[in-house]
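Coordinate-derived values only; no laboratory data. On a predicted model such as this, the values are computed, not experimentally measured, just so you know. As a convention, Cβ positions derive from the backbone with ideal geometry for all residues, glycine included, and neighbour counts pool all protein chains shown.
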Amino acid sequence: MNDEVISAHRERQQALIEESQTLIAKAQAEARDLTEEEQATVDGNTEEFDRLRADIERRERLHAQAQSLAKVHKRKAEAEPLGGGRDDDGDRPAPGLRAKAPAQPRPAGEAGRGGFTTFPEYVAAVRKAIHIPLAIKVGPYFTSFGHFARRIVDAGADGLVIFNRYIQPDINLETLDFFPNLALSESYESRLSMTWIAMLRGRVGAYLAATGGIHEVADLIKMLLVGADAAMLASAIYRHGPGHFTQLEQGLRDWLVEKDYTSVQQMKGSLSRENCTSPETFERVNYMRSLVAFSGRPI
Ligand SMILES: Cc1cc2nc3c(=O)[nH]c(=O)nc-3n(C[C@H](O)[C@H](O)[C@H](O)COP(=O)(O)O)c2cc1C
């Protein structure tokens, strides 16, 4: 329907151009200026032409948004493993909302702001209120996180941002008061997101974005290997400035070439739990091995 309206607008624009050109050509052939009446028609056409063009642009934007959204919903409905060629099909990124879950510390027994008692309730309310892609940034402090992530997606999230890293206050021992102490992250912290993205990849029908401790190109590559659709950086950019993005991109390109990958898509998710040849690596065996390696003695 939208395509038909756009096409009708385009035909009307073309007709206006031709009408104006005919009048101008006629005046030129007769070697005279446009009469007042002809000039008014040409001016009127210009105005209407601009109006039609603005309307086409607006409709095209809405159309692109609707298409992106339809894609997200189709993928969710099919619950397909994540990452099937979305990066390669030349789509424009959809505008969307990244909401942060209301999981700040609250006194015991008190509901969060907005009166929501559960996180999925909050997501469902936001989903109901908006019609653009919705990503939810979650903290790591939930039991059965895999199950919890599914509930967030079932409530309407199109993407999960894993994980929020709360700025925790500190205590000044001189003034005996709390103060906000911004501590930037370190690379090792990325393992938390990395592990959970590996676990969730292909098991929830949502895009997965990694955040927390991504500093070096190695951190970025690891996130992609376990299946992140996007990687986000805050602390590293505070430390090194925006030029750091270019360095990471170049580092990623170099690594792909070195490893004979022709695209990010080829390697994305290849080390997720689902694709891993020994999924137990993510679980207890890995823990035991770590302990053995650490102490040097078998347990
Ligand atoms: C200075 C600063 C400001 C931030 N502001 C926000 C914010 O407004 N909203 C938000 O969701 N996260 C905010 N964050 C958290 C980051 O988005 C990110 O999740 C977190 O810092 C972990 O990523 P990193 O290790 O790359 O810093 C902020 C982080 C920093 C360092």
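Converting phi to 3J(HN,Hα) with the Karplus coefficients 6.51, -1.76 and 1.60 and the offset θ = phi - 60°, segment 195-211 yields 4, 6, 5, 4, 6, 8, 3, x, 10, 10, x, 8, 5, 10, 10, 9, 8 Hz in sequence order, with x at every glycine or proline. Less than 5 angstrom separates the built amide H of Asp170 from those of Phe179, Asn181, all sequence-distant by 5 or more or on a different chain. In the structure shown, the pairs Lys137/Lys222; Lys137/Lys259; Lys222/Lys259 are assessed against 23 Å; a Cα-Cα span above that value is assigned to Lys137/Lys259.
Convex hull volume of the Cα atoms in segment 96-295, per residue, in Å³?
Looking at segment 96-295, the number lands at 180 Å³ per residue.
Taking amide H positions as modeled 1.01 Å from N, with prolines and chain starts lacking one, the residues under 5 Å from Leu134 and 5 or more places away or on another chain are Leu97, Asp158, Gly159. Take the Cβ atoms of Glu36 and Ala129, set R0 to 45 Å, and the FRET efficiency comes out at 0.25. Pop the C-beta distance of Gln247 and Thr195 into the FRET formula with R0 = 22 Å and round what comes out to the nearest 0.05. So the FRET efficiency works out to roughly 0.30. Here the Karplus relation 6.51 cos²θ - 1.76 cosθ + 1.60, evaluated at θ = phi - 60°, turns the backbone of segment 26-32 into coupling constants of 4, 5, 5, 4, 8, 6, 9 Hz, with x for every Gly and Pro.
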